[in-house]
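Trainee: Structure incoming, see below.
The values are calculated or read from the model by the stated rules, or taken from the named source; none is laboratory data. Only a predicted model underlies this, so the values are computations on that prediction, with no experimental measurement involved. A quick note on method: Cβ atoms are made from the backbone with ideal geometry, for glycine too, and the neighbour counts reach across all protein chains shown.
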Amino acid sequence: MNIKIHRGQNQIGGSIIEASSKQARVFFDIGIELDEDKEIEIPQIEGLFYGSQNCDAVFISHYHSDHIGLADYLLPDIPVYIGEKAYKVMKAASDYRDIEVKFDPILIENEKIIEIKDIKITPILCDHSAFDSYMFLIEANGETTLYTGDFRANGRMDFDKLLEKVPCVDNLIIEGTTLSREDSIENIEEEKLEEIAVEFLNKYKGPVFIMMSAMNIDRVITVKNIAERTDRIFLEDIYTADITSAIGMTTANTRVFMTGGDKQYK
Ligand SMILES: [Zn+2]
């Protein structure tokens, strides 16, 4: 198996990784670079973005644009694999902004193996601020590679269980955004954040406005819990509501109740 990192090695984001064997050519993530001032640069990868199509599949680890942002620029008829809920979040966000999603996804499931000719790919669900994110175990010709995508250990998902699942591999392509950071920013766990906010907000009355990413579903849950535990009504803006309802989340505050024809709020 040949592994080629087209982009993402000496920068944060914009990841594009290719795995090829005798029979198959598969890509993992097709991200845009994070620098918003920069014009979108489409890498000259033949068979993927230009020339005649020569790619068996593209796997998307998660919906952050530095991993999926070039999907619209793919040559036609390249199968794109992504998690179902990840796709739904991305689609809802695009619909809200009137942006067309140009690919029909093939949906992946946690630990359900997909064979692309002689390459075997196992998606492994992992925790990240993007919902429904995956690592990929890639196997071909008796060689194994793990591509981690982005991941973290401070969300609600059990990180130790994930580590137990991940096998020893020949090659590891690992996300390393914070490895070179000298300042030690504490990554607060979502549950701890909830406790801190509850303690703080219980001292005050009145509304609280929170600015956050609507696509960070784990954080939406944290905020909903905070609202409930501090006797507040949890309200989402329309964009957040579109995204959470797309994945079937019930975010109505359970403390809101109705009596007669009048709404009463506790
Ligand atoms: Zn990410």
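Trainee: For residues in the range 2-42 being at positive phi and assigned to a loop (DSSP other than H, G, I, E, B), which is nearest to the chain's Cα centre (by Cα)?
Mentor: Ranking the qualifying residues of the range 2-42, first place goes to Gly14.
Trainee: Right, next: Search the range 243-258 for residues being in a loop (DSSP other than H, G, I, E, B) and hydroxyl-bearing (Ser, Thr, Tyr), and hand back the single one that is modelled with the highest pLDDT.
Mentor: Restricting to residues being in a loop (DSSP other than H, G, I, E, B) and hydroxyl-bearing (Ser, Thr, Tyr), the top hit is Thr250.
Trainee: Kindly indicate whether any position in the range 78-89 is within 15 Å of the ligand (Cβ to nearest atom), part of a loop (DSSP other than H, G, I, E, B), in contact (Cβ under 8 Å) with a residue 12 or more places away in the chain and closer than 19 Å to Ile32 by Cα.
Mentor: Within the range 78-89, not a single residue is within 15 Å of the ligand (Cβ to nearest atom), part of a loop (DSSP other than H, G, I, E, B), in contact (Cβ under 8 Å) with a residue 12 or more places away in the chain and closer than 19 Å to Ile32 by Cα.
Trainee: Only one residue in Gly149, Gly155 is in contact with a strand residue (DSSP E or B) (Cβ under 8 Å, 6 or more places away or on another chain), closer than 24 Å to Thr244 by Cβ, part of a loop (DSSP other than H, G, I, E, B) and among the small types (Gly, Ala, Ser), so which one is that?
Mentor: Gly149
Trainee: Might you let me know whether the range 185-194 holds any residue that is crowded, with 16+ Cβ neighbours inside 10 Å, polar (S, T, N, Q) and within 16 Å of the ligand (Cβ to nearest atom)?
Mentor: no
Trainee: Counting only residues that are of a type in the set (Ser, Thr, Tyr) and farther than 18 Å from Lys4 by Cβ, how many does the range 42-76 have? Steps first, answer last, please.
Mentor: Narrowing the range 42-76 to residues of a type in the set (Ser, Thr, Tyr): 50, 52, 61, 63, 65, 73.
Checking the rest, the ones that are also farther than 18 Å from Lys4 by Cβ come to 52, 63, 65, 73.
Qualifying residue count for the region: 4.
Trainee: Still on this structure, I have one more. If the Cβ limit is 8 Å and pairs must be 6+ apart or interchain, which residue in the range 147-167 that is assigned by TED's automatic domain parsing to the domain that holds Ser20 pairs with which residue that is β-branched (Val, Ile, Thr) and within 13 Å of the ligand (Cβ to nearest atom)?
Mentor: Sorted first by the residue in the range 147-167, then by its partner, the pairs are Asp150/Thr177.
Trainee: Please state which one of Glu100, Glu175 is within 19 Å of His62 (Cα to Cα), surrounded by 14 or more Cβ atoms within 10 Å (Cβ to Cβ) and modelled with pLDDT under 95. It would help to see each step written out before you state the result.
Mentor: Values: Glu100 fails: surrounded by 14 or more Cβ atoms within 10 Å (Cβ to Cβ).
Among Glu100, Glu175, only Glu175 is within 19 Å of His62 (Cα to Cα), surrounded by 14 or more Cβ atoms within 10 Å (Cβ to Cβ) and modelled with pLDDT under 95.
Trainee: In a helix (DSSP H, G or I), in contact (Cβ under 8 Å) with a residue 40 or more places away in the chain, within 15 Å of the ligand (Cβ to nearest atom) and within 24 Å of Ile174 (Cβ to Cβ): does that describe His67?
Mentor: Yes.
Trainee: Would you check which residues across the range 43-60 are under 19 Å from Pro79 (Cβ atoms) and either part of a loop (DSSP other than H, G, I, E, B) or among the basic types (Lys, Arg) (or both) and list them?
Mentor: Within the range 43-60, Ile45, Gly47, Leu48, Phe49, Gly51, Ser52, Gln53, Asn54, Cys55, Asp56, Ile60 meet the criteria.
Trainee: Answer yes or no: is there a residue in the range 113-120 that is away from the ligand (no atom under 16 Å from the Cβ), in contact with a strand residue (DSSP E or B) (Cβ under 8 Å, 6 or more places away or on another chain), in a loop (DSSP other than H, G, I, E, B) and of a type in the set (Val, Ile, Thr).
Mentor: Yes, there is a match, as at least one residue in the range 113-120 is away from the ligand (no atom under 16 Å from the Cβ), in contact with a strand residue (DSSP E or B) (Cβ under 8 Å, 6 or more places away or on another chain), in a loop (DSSP other than H, G, I, E, B) and of a type in the set (Val, Ile, Thr).
Trainee: Quick check on Ile124: is it surrounded by 14 or more Cβ atoms within 10 Å (Cβ to Cβ), part of a loop (DSSP other than H, G, I, E, B) and more than 15 Å from the ligand (Cβ to nearest atom)?
Mentor: Values: surrounded by 14 or more Cβ atoms within 10 Å (Cβ to Cβ): yes; part of a loop (DSSP other than H, G, I, E, B): no; more than 15 Å from the ligand (Cβ to nearest atom): yes.
Answer is no for this residue.
Trainee: Within the range 17-64, which residues are more than 26 Å from Glu139 (Cα to Cα) and either within 16 Å of the ligand (Cβ to nearest atom) or in contact with a Cys (Cβ under 6 Å, 6 or more places away or on another chain) (or both)?
Mentor: Ile32, Glu33, Leu34, Asp35, Glu36
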